Amino acid sequence: MSGFKTVDYADGSVLFEPGEVAHSFYLIQSGQVAIIDRINNRQLAVLSAGESFGEQALLAGGVRSAAAEAVGETTCLELTAKGLRDLLAKEVGISKEVLEALLLQLSMHNAMRK
């Protein structure tokens with residue numbers, strides 16, 4: 001996949017923490033990633049191969065709202081916000097605007113669940 005790079009994580013590796021500026025979006029190739037609410041000390045989800053996370057990176061000024069940790073040996077495809085912008089710049093039409101609207105909607109939905 002153009003723009004993505006493969007990154008391997010050992011069990012327990014922290015991919016990011018809440019409050020960090022979001023720079024990358026992830027797609028899990030193998031293994032699992034736990035999404036953790038550090039404030040309430042609870043696991044929000046465990047994601048597996050084929051699932052994605054870190055969508056805050058795709059929004060301008062996105063900030064992480066939870067932590068992400070590898071569960072077991074995990075391989076992810078990582079796409080930086082710049083990489084996504086470069087891919088979208090090659091596309092014709094309104095794909096960028098539609099994607100940003102969907103991500104904003106997802107972000108608002110996640111905030112309302114808390």
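Condition check for Val21 on (1) surrounded by 13 or more Cβ atoms within 10 Å (Cβ to Cβ); (2) at pLDDT below 90: one failure, at (1). Each residue in region 45-77 was checked for being surrounded by 16 or more Cβ atoms within 10 Å (Cβ to Cβ) and aliphatic (A, V, I, L, M), and 10 pass. Just one of the listed residues (Ala45, Ala89) is at pLDDT below 95 and in contact with a strand residue (DSSP E or B) (Cβ under 8 Å, 6 or more places away or on another chain), namely Ala45.
Evaluation of Met1 against the conditions (1) at pLDDT below 95; (2) part of a loop (DSSP other than H, G, I, E, B); (3) farther than 21 Å from Leu79 by Cβ shows that the sole unmet condition is (3).
Scanning region 65-86 for residues that are among the hydrophobic types (A, V, I, L, M, F, W, C) and either at pLDDT below 70 or part of a strand (DSSP E or B) (or both) returns Ala67, Ala68, Ala70, Val71, Cys76, Leu77, Leu79.
The values are calculated or read from the model by the stated rules, or taken from the named source; none is laboratory data. Every value quoted in this text rests on a predicted model; they were computed, and no experiment measured them. So basically every Cβ, Gly included, is an ideal-geometry build from the backbone, and we count neighbours across all protein chains shown.
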